[in-house]
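Undergrad: After the structure tokens below, expect a handful of questions from me.
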């Protein structure tokens with residue numbers, strides 16, 4: 001129903017001087033889609049109120065509702081060109097009146113539409129410079145509806161495709177997108193249950209929350225109204241610092257069926273983890289936190305293990321905020337397993353002593369488009385120390401890339417073997433008592449790969465270099481003695 005509509009919107013944005021990247025296309029499409037969704041939602045709520053004999057109070061003032069400024073209709077239900085703004089008038093109304101009005105919305109609870117309105121429009125801006133182009137886009141979006149299941153289902157697939165395209169566009173698009181086959185695999189292994197609280201403290205485009213919702217609904221015959229209410233309001237929780245990722249995550253969850261996503265627009269790392277109480281904890285955590293150094297000292301003070309590596313701070317946060325008995329699946333750089341700096345060693349010790357790190361999935365390069373680092377997925381349960389770790393090395397017979405992405409078939413063998421954690425050519429088990437108790441090194445070293453080059457420790461290499469230098473000096477000394 002809507003595939004051509006999305007293509008038409010992108011084609012219009014490509015010709016506008018204010019939008020130059022796939023990130024811009026998704027951002028601008030998102031805020032317009034959100035306002036159309038809000039209009040459909042209000043109309044549905046109005047009908048429900050009338051049927052129950054109540055009066056409905058609109059969230060937005062009359063002049064800021066979709067029907068008033070975006071696409072006013074005539075008596076035949078067609079666009080009324082006498083009332084519809086266009087060109088500079090439309091652009092100026094959006095920039096100078098609509099956005100300032102929407103920014104004023106505030107609410108304490110993140111799972112309210114009022115909260116979403118205020119947060120979405122407090123930092124975003126309209127980048128569509130031509131009012132005439134904006135009019136064309138509004139006309140296209142006006143034909144898209146969010147009322148029927150089939151409509152939302154198709155829109156959700158198309159929107160996911162836009163997010164994937166944005167993630168593959170290079171630059172910083174990839175930070176908003178984790179390959180969905182990997183997310184679905186992580187969710188399968190963690191296996192959330194209806195009634196669990198599910199959390200992602202760096203939710204980006206909300207892929208982990210969306211796939212958790214899909215997992216829970218696909219594995220249930222028919223949900224009661226009480227169960228659906230639990231899914232809608234008391235199951236999915238997220239936090240996101242970046243404005244673009246926040247609106248994409250909100251829109252993605254809305255399109256997948258969560259009407260008022262419980263996602264906060266905030267900096268997770270700015271929270272002191274010592275302030276986390278039992279009521280703040282979650283049953284399930286699934287996440288791909290951002291990688292990268294450079295976190296300032298003021299943020300590091302919120303954590304017992306001080307480090308400038310973003311992902312290491314997030315891992316501390318996740319361990320702390322996970323309930324006892326709770327389960328997690330976290331993507332992290334593979335260097336976490338073997339780095340010898342104090343923070344890495346301390347963090348591995350913390351994880352192994354406080355959680356059962358039962359599975360490590362070692363991913364090949366190229367899983368994340370444009371990312372130069374290799375990653376692993378840590379699967380752990382909080383409350384018991386680790387005794388054994390089962391490793392699985394994903395060895396593929398092809399190189400991954402934009403045109404050859406990771407798929408679920410690639411991960412099927414891992415999912416099957418993980419159930420029993422048996423050893424194979426690609427999997428093995430280590431006993432924690434056998435690892436170095438000072439460094440807690442968990443390097444991925446497949447003992448079943450005879451053709452694999454085993455990298456030596458830096459200390460071994462330096463020792464050998466020193467021995468070779470000593471031998472060379474002796475040889476040279478002997479030569480001069482003979483001369």
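Throughout, read-outs are computed from the coordinates displayed, never taken from laboratory work. Here the structure is a predicted model, which is why all the values come from computation and not from measurement. Glycine also receives a Cβ, built like all others from the backbone with ideal geometry; neighbour counts cover every protein chain displayed.
Undergrad: Whole number please: convex hull volume per residue of the Cα set in region 3-147, in Å³? Provide the component values of the computation, followed by the final result.
TA: On the way: hull volume 18.8 nm³, N = 145.
About 130 Å³ per residue, rounded to a whole number.
Undergrad: Please list 234-244, 121-131, 80-90 highest first by mean number of surrounding beta-carbon atoms within 10 Å per residue. Let's see the in-between values first.
TA: On the way: 234-244: 21.2, 121-131: 17.6, 80-90: 13.8.
By packing density, highest mean first, the sequence is 234-244, 121-131, 80-90.
Undergrad: Which value, to two decimals, describes the C-alpha radius of gyration of region 388-431 once divided by 2.2 N^0.38 Å? Intermediate values should be presented prior to the final figure.
TA: Numbers: Rg = 12.1 Å, N = 44, 2.2 N^0.38 = 9.3 Å.
Region 388-431 yields a ratio of 1.30.
Undergrad: May I ask you to order 374-385, 6-17, 411-422 by the average number of other C-beta atoms within 10 Å around their residues, highest value first?
TA: On the way: 374-385: 19.2, 6-17: 16.5, 411-422: 14.5.
For the peptides 374-385, 6-17, 411-422, the packing ranking is 374-385, 6-17, 411-422.
Undergrad: For the chain, take the longest principal axis of its alpha carbons; what is the angle in degrees between that and the long axis of helix 180-190, to the nearest 10 within 0 to 90?
TA: 70 degrees
Undergrad: Give, to the nearest whole percent, the P(r) tail of region 273-322 beyond 14 angstrom, counting all Cα pairs.
TA: On the way: 628 of 1225 pairs.
Across region 273-322, Cα pairs with separations above 14 Å total 51 percent.
Undergrad: Would you mind estimating how fast the chain diffuses translationally, via Stokes-Einstein at 25 °C and 0.890 mPa s with the Kirkwood radius over Cα pairs, in µm²/s? Don't jump to the answer; show the numbers that get you there.
TA: Numbers: Rh = 25.0 Å.
D, rounded to a whole number, is 98 µm²/s.
Undergrad: Sorted from largest down, give the three principal axis spans of the alpha carbons of region 331-419, whole angstrom values.
TA: Taking the Cα atoms of region 331-419, the three principal extents are 41, 31, 16 Å.
Undergrad: Relative to the longest principal axis of the C-alpha atoms of the chain, give the angle of the C-alpha long axis of helix 3-14, reported between 0 and 90° and rounded to the nearest 10°.
TA: It works out to around 80 degrees.
Undergrad: Which percentage, to the nearest 5, of the DSSP beta bridges contained in the chain is antiparallel?
TA: On the way: 22 of 39 bridges.
If we restrict to bridges inside the chain, about 55 percent are antiparallel.
Undergrad: Same structure, new question: Taking 8 Å as the Cα distance limit and 6 or more residues as the minimum spacing, I'd like the relative contact order of region 3-147 as a percentage. Could you put the intermediate results ahead of the total?
TA: Numbers: 139 pairs, mean separation 49.3, N = 145.
It comes to 34 percent, rounded to a whole number.
Undergrad: Any idea what Rg and Dmax come out to for region 225-379 if you just take the C-alpha atoms, in Å?
TA: 16.3, 52
Undergrad: Provide 19, 203 in ascending order of the number of other Cβ atoms located within 10 Å of each residue's Cβ, fewest first. Intermediate values should be presented prior to the final figure.
TA: Working: 19 21, 203 32.
With the sparsest Cβ surroundings first, the list reads 19, 203.
Undergrad: Going by average Cβ density within 10 Å per residue, which order do the peptides 139-148, 43-52, 321-330 take, highest to lowest?
TA: Ranking the peptides 139-148, 43-52, 321-330 by packing returns 321-330, 139-148, 43-52.
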